Amino acid sequence: MTAPDAPRSPAPEPVEVELAAALPPPQHRLAGVVRSALRVVPVLLLIAAAWVLWREFHKLSFEAVAHAIAGWGATEVALALALSAASFMLMAVIEWVGLRWTGARISLGPVLLGSFLANAIAHAIGANLLISGAIRARTYERYGVTLTQVAGTTVFAAASFGVGLAALSGGGLLLASQAELDATAITLPVARTLGAALVTGALGYIVLCALMRRPFTVFRRSITLPDVWDAIAQLVLGVVDNAIAAAILWILLPAHGPSYVTFVGAYAVACIAGLISSVPGGAGVFESTMAALLPSVEVAALAAAFLGYRLTFYILPLMIAALVLAVDAFRHRKS
């Protein structure tokens, strides 16, 4: 807002125009190539995923999937639901630690609700950082949490997920035996190399947080890393949370399927492919990657496990979150 008699300044140029003007011609061309690639890659991944899914499942009958679902038993279903609830609880703990790291002092109770709403909706809809950040801002504003603190918490939670997934999957790929890897499409050299890189990256983050205590600038933004104890908390909580999420899918597979240690390696690769695709929940891309990496698992059993995983970890939490938001909006309208 400006005073009525104040001269109006011209409208600011869009960020893309400012960047283009600031970059020399070669860098400008490179930036254009990168932006074009970022637009094309998700489309290519989605096309590839659709082809893999058709190749793996086009001969699959509804009866075969229903038979695989019937073989789960009440124990597997109850365990999948319990693991899903435990995963969302751990996400809330990670969020609470992140809020305290940003300086927000808020009890765990409201964080349980805010974290569940943010993660349940963002996981299913996509654009995770944007959607989850918006929901957190709406939920925590009544507790005095600023937008800067919300943004920091969102990045903190995302980093916890990434570091935890890298450490868990890397450890699984390093510990899996040759016989266990034979049940997947991952060769022993690839497993060991990728596993070592992932574990090194996760541990490197801890070392970086321990050594780099001064703020640094990225894209004109000042960034301060968590201290070493917060980073260790991110790693530990992230590993346990990802381990539980992977177990939801794994327990729905047949008993003679791949070992859990081997399975988490394929799960991590599929999660990364789903994130790169930018498809909401990685739908299609995640499943196609898992199907390609687990050729030894019966197709019907794999399709049934995917269905159970999506229902317990995505659809059911989304329905509950939508109901909670509707009730909250109705209560605030009446007050």
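Return the long-range amide H neighbours of ALA185 (sequence gap of 5 or more, or a different chain), with a cut-off of under 5 Å between placed amide H atoms.
LEU294
Which translational diffusion coefficient, to the nearest whole µm²/s, is obtained for the stretch 163-220 from the Stokes-Einstein equation, given a Kirkwood hydrodynamic radius over C-alpha pairs, 37 °C and 0.692 mPa s?
On the way: Rh = 12.8 Å.
Value of D from the Cα-based Kirkwood radius: 256 µm²/s.
Taking the solvent-accessible surface of protein heavy atoms with a 1.4 Å probe, what is the per residue accessible area of the stretch 63-212 in Å²? Please list the in-between numbers first.
On the way: 6900 Å² over 150 residues.
Spelled out: the 1.4 Å probe surface of the stretch 63-212, per residue, equals 46 Å².
Please list 3J(HN,Hα) in residue order for the stretch 172-179, calculated via the Karplus relation 6.51 cos²θ - 1.76 cosθ + 1.60 where θ = phi - 60°; whole Hz, with x for glycine and proline.
x, 5, 6, 8, 5, 7, 4, 5
Report ³J(HN,Hα) in whole Hz for each residue of the stretch 147-160, in order, from the Karplus equation J = 6.51 cos²θ - 1.76 cosθ + 1.60 where θ = phi - 60°; Gly and Pro get x.
Karplus-based 3J(HN,Hα) across the stretch 147-160 equals 5, 4, 5, 4, 4, x, 5, 4, 5, 4, 5, 5, 5, 4 Hz.
Provide the per-residue ³J(HN,Hα) series for the stretch 93-108, in order, calculated from phi with Karplus coefficients 6.51, -1.76, 1.60 and θ = phi - 60°, each as a whole number of Hz, with x at glycine and proline positions.
After applying 6.51 cos²θ - 1.76 cosθ + 1.60, I find 5, 4, 5, 5, 5, x, 4, 5, 5, 7, x, 7, 10, 9, 6, 5 Hz.
If each of LEU323 and LEU208 carries a label point 7 Å out from its Cα toward its Cβ, how far apart are those two points in nm?
It works out to 4.2 nm between the two label points.
Can you run the Rg to Rh ratio on the stretch 180-259? Use alpha carbon positions and the Kirkwood inverse-distance Rh. Could you put the intermediate results ahead of the total?
Numbers: Rg = 17.6 Å, Rh = 15.6 Å.
Checking Rg against Rh, the ratio lands at 1.13.
How would ARG214, ARG192, ARG142 rank on accessible area, largest to smallest, probe 1.4 Å? Mind dumping the intermediate values first?
On the way: ARG214 195, ARG192 80, ARG142 125 Å².
Of ARG214, ARG192, ARG142, the descending order of accessible area is ARG214, ARG142, ARG192.
The values are calculated or read from the model by the stated rules, or taken from the named source; none is laboratory data. Values in this document were obtained by computation on a predicted structure and should not be read as measured data. Here Cβ is always computed from backbone atoms with ideal geometry, including for glycine, and neighbour counts include all displayed protein chains. In case anyone asks, the SASA skips ligands and DNA or RNA and just uses the protein heavy atoms, side chains included. Shrake-Rupley method; radii C 1.70, N 1.55, O 1.52, S 1.80 Å.
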